[in-house]
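The values are calculated or read from the model by the stated rules, or taken from the named source; none is laboratory data. Computed from a prediction, not measured in an experiment: that's the story for all the values here. Neighbour counts are summed over all protein chains in view; Cβ atoms, including those assigned to glycine, are modelled from backbone coordinates with ideal geometry. When the accessible area is computed, the model is the full protein with side chains, heavy atoms only, and any ligands, DNA or RNA have been set aside. Shrake-Rupley method; radii C 1.70, N 1.55, O 1.52, S 1.80 Å.
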Amino acid sequence: MEAFMIEGGHRLSGTIIPQGAKNEALQVICATLLTSEEVVIRNIPNILDVNNLIKLLKDIGVEVRELAPSEYSFKAGNVNLDFLESEEFVEKCASLRGSVLLYGPMLGRFGKATITKPGGDKIGRRRLDTHFLGFRNLGARFVHVEDRNVYELKADKLVGTNMLLDEASVTGTANIIMASVLAEGTTTIYNAACEPYIQQLCHMLNEMGARISGIASNLLTIEGVSSLHGAQHRILPDMIEVGSFIGMAAMIGDGIRIKDVSVKNLGIIPDTFRRLGIQIIEEGDDLFIPKQGHYCIDSFIDGTIMTISDAPWPGVTPDLISVLLVVATQAQGSVLFHQKMFESRLFFVDKLIDMGAQIILCDPHRAVVVGHDHRRTLRGGRMSSPDIRAGIALLIAALSAKGTSRIDNITQIDRGYENIEERLNALGAHIQRVDIC
């Protein structure tokens, strides 16, 4: 088991380049199962969740070649369907949240998929009803195999239909899209998620021969085709990592440039940090965050306390609420954070309170942060990362704290951030990865 030892208080400066988007990578890699031809994907992040998914594809018979750093070729010409019914496959899926994205392409191309409860973050209930209701609308049926405690998803033929999703689930939308592209007839998906990840998936599928329209809206129309062919695709920069670096630069930076961020795909993220008083300068496709000696939280026009809440795109992504909350601890003013989508994601704030932050956890979904305005520095401590995003938020807090901190369970951070200690140490951080008993 590994941990991070962080010597806080060292100012950071320089240039950092964001990795490829984790959430997009999981979707487009699974989409390679929809064709027997070669699909080349560039800018794949070298992170635990993505690497484990690639290993799983190899296990089921996909030919995977690393063409260059962050560039892979996938060819699903000889998928081992028998392995999909094995206990080994079920166990591997149960430990990897991204495995849920296999269901749509497997059902769409092969007419069957084995479903188990996927692993991942401990951030509350993450139901899969949207996925299954969509599959059922397309004509799939479920069979519960009691002795294995799995469901088998089967369809002799998927048929396009009109559907209204019960929620704008990103992975649910992705799965239904991937199942629909090879279905017979036309499928319309209303209340579809429209995050850049979904847009990128649709663009790649269209390059493969799919016929998807309405991209970037919440109403998608998919005209089914008989087969898909190979294509090439480049993954966007990870907007969650960009947001994490903005937060880090605000807390402990002496001037940090975040290069090649794809500003047009960041949506409301920069403006949300600006509402906390953070100065962000856009220079071409780069963001420059100068030293923030002092930043003041906005209030609403009527003078009431600022509230920041997560919402489906183009609202504030829930993946950045943890980072925004940490940044607010050193602002001037107060802000209410409302994490609507996951009921356990704010529980990490007790660790920030132990570090000296002034936070009131109102309930599992809401927390009020009273900013220190740099009058009091957070103090180092020992903590454990409960999920990917809380992990990076705690790392940012530790970098700004006085003294030495230890973060356990950093596998959670490795799931989403590529070589994070090396990249931050290059900016002046003092982070050491250590083995612990």
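Distance check, please: which entries in Lys55/Lys75; Lys259/Lys402; Lys75/Lys259; Lys58/Lys112; Lys75/Lys154; Lys22/Lys92 exceed 21 angstrom between their Cα atoms?
Lys259/Lys402; Lys75/Lys259; Lys75/Lys154
Could you calculate the FRET efficiency of Gln358 with Glu184 from 1/(1 + (r/R0)^6), where r is the beta carbon distance between them and R0 is 45 Å, rounded to 0.05?
0.15
Pick from Asn78, Asn419, Asn51: which is most flexible by mean-square fluctuation in a GNM of the chain where alpha carbon atoms under 10 Å apart are linked?
Fluctuation is largest for Asn78.
Whole angstrom only: what separates the Cα centroid of segment 17-31 from the Cα centroid of segment 40-91?
Here the two parts' Cα centres lie 13 Å apart.
Quick one: net charge of Ile240's neighbours, Cβ under 10 Å, K/R +1, D/E -1?
Combined, the nearby Lys, Arg, Asp and Glu give -1.
Counting only DSSP beta bridges with both residues in segment 22-234, what percent are antiparallel, rounded to the nearest 5?
Given both bridge residues lie in segment 22-234, the antiparallel proportion sits at roughly 75 percent.
From the phi angles alone, apply the Karplus equation (6.51, -1.76, 1.60; θ = phi - 60°) to segment 247-257 and give each ³J(HN,Hα) in whole Hz, x where the residue is Gly or Pro.
Calculated HN-Hα couplings, in order: x, 4, 5, 5, 7, 9, x, 10, x, 10, 9 Hz.
Where only protein heavy atoms count, and the probe is 1.4 Å, what is the accessible area per residue for the chain in Å²?
For the chain, the solvent-accessible area averages 39 Å² per residue.
Leaving ligands, DNA and RNA out of it, rank Asp373, Asp59 by accessible area with a 1.4 Å probe, largest first. Present the calculation step by step, with values, prior to reporting the outcome.
Values: Asp373 30, Asp59 60 Å².
My answer, sorted largest first, is Asp59, Asp373.
With a cut-off of at most 16 other beta carbons within 10 Å, and DSSP calling the residue loop, which trypsin sites (Lys or Arg not before Pro) in segment 361-394 qualify? Please list them.
Of the trypsin sites (Lys or Arg not before Pro), the ones in loops of segment 361-394 whose Cβ has at most 16 other Cβ atoms within 10 Å are Arg375, Arg376.
Helix 22-31: angle to the longest alpha-carbon principal axis of the chain, degrees 0 to 90, nearest 10?
10 degrees
I need to check one value: relative contact order of the chain, counting alpha carbon pairs closer than 8 Å and at least 6 residues apart, in percent.
Result for the chain is 21 percent.
Identify which of the listed values of Cα Rg over 2.2 N^0.38 Å was calculated from the structure shown: (i) 1.07; (ii) 0.94; (iii) 0.99.
The value computed from this structure is option (iii).
Trypsin sites (Lys or Arg not before Pro), restricted to segment 147-209: which are DSSP loop and have at most 12 other Cβ atoms within 10 Å?
In loop regions of segment 147-209 (DSSP not H, G, I, E or B), the sparsely surrounded trypsin sites (Lys or Arg not before Pro) are Lys157.
Using the Cβ atoms and a cut-off under 13 Å, what net charge is assigned to the surroundings of Asp82, where Lys and Arg are +1 and Asp and Glu are -1? Mind showing how you got there, number by number?
Working: positive: Lys112; negative: Asp59, Glu85, Glu87, Glu88.
Neighbourhood net charge equals -3.
Using a/c under 1.5 as the rounded threshold, could you call segment 22-234 rounded, prolate or oblate? The axes a ≥ b ≥ c are square roots of the C-alpha gyration tensor eigenvalues, and prolate needs a/b larger than b/c, oblate otherwise.
rounded
Of Val40, Gly14, Ser227, whose Cα points farthest to the positive end of the dipole of the chain (charges on the beta-carbon: +1 Lys, Arg; -1 Asp, Glu; origin at the Cα centre)?
Among Val40, Gly14, Ser227, the one farthest towards the positive end of the dipole of the chain is Gly14.
Which of the aspartates and glutamates could a cross-linker span from Lys291 if the Cα-Cα distance has to be under 13 Å and same-chain partners fewer than 8 positions apart are dropped?
Of all the aspartates and glutamates, those that pass the test against Lys291 - Cα under 13 Å, at least 8 places apart if same chain - are Asp254.
For a Förster distance of 22 Å, can you work out the FRET efficiency between the beta-carbons of Ser262 and Glu283, rounded to the nearest 0.05?
0.95
Taking θ as phi - 60°, what are the ³J(HN,Hα) couplings along segment 173-182 by the Karplus curve (6.51, -1.76, 1.60), each to the nearest whole Hz, with x for Gly and Pro?
4, 4, 5, 5, 4, 5, 6, 7, 5, 9
With both partners inside the chain, how many of the DSSP beta bridges are antiparallel, as a percent to the nearest 5?
70 percent
How much length is gained if the chain between Lys340 and Lys58 is pulled fully straight, taking 0.36 nm per residue apart and subtracting their Cα-Cα distance, in nm to one decimal?
Difference between extended and current length: 97.8 nm.
Arg11 to Glu87: FRET efficiency via 1/(1 + (r/R0)^6), r the Cβ-Cβ distance, R0 51 Å, to the nearest 0.05?
On the way: r = 52 Å, r/R0 = 1.01.
Efficiency computed from Cβ-Cβ geometry: 0.50.
Amide H neighbours of His372 under 5 Å, counting only residues 5+ apart in sequence or on other chains, H built in-plane at 1.01 Å?
Those lying under 5 Å, H to H, from His372 are Gln330, Ala331.
Pull up all non-local amide H partners of Val150: gap of 5 or more, or a different chain, and H-to-H distance under 5 Å with H placed in the peptide plane.
It is Val145, by chain and number.
Can you tell me the relative contact order of segment 200-345? Whole percent, Cα pairs under 8 Å, sequence separation 6 or more. Provide the component values of the computation, followed by the final result.
Working: 208 pairs, mean separation 27.5, N = 146.
It comes to 19 percent, rounded to a whole number.
Keeping the other protein chains in place, figure out the carbon and sulfur percent of the accessible area of the chain, with a 1.4 Å probe.
Answer for the chain: carbon and sulfur cover 47 percent of the accessible area.
How many angstrom lie between the Cα centre of segment 129-166 and the Cα centre of segment 373-437?
Each part reduced to its Cα centre gives a spacing of 41 Å.
Quote the accessible area belonging to Glu37 in square angstrom, nearest 10, computed with a 1.4 Å probe and with ligands, DNA and RNA left uncounted.
Near enough 90 Å² of accessible area.
So, in nm, how far is label Thr161 from label Leu133 when the simple model puts each one 7 Å beyond its Cα toward the Cβ?
1.2 nm
Between Glu146 and Glu2, 0.36 nm times their residue separation minus their Cα-Cα distance comes to what?
Values: separation 144, 0.36 × 144 = 51.84 nm, distance 3.71 nm.
The span from Glu146 to Glu2 would gain 48.1 nm if fully extended.
Please give the charge dipole size of the chain, origin at the Cα centre, charges +1 on K and R Cβ atoms and -1 on D and E Cβ atoms. Round to the nearest 20 debye. Mind showing how you got there, number by number?
Working: 43 positive and 52 negative charges, 133 e Å.
Dipole about the Cα centre, nearest 20: 640 debye.
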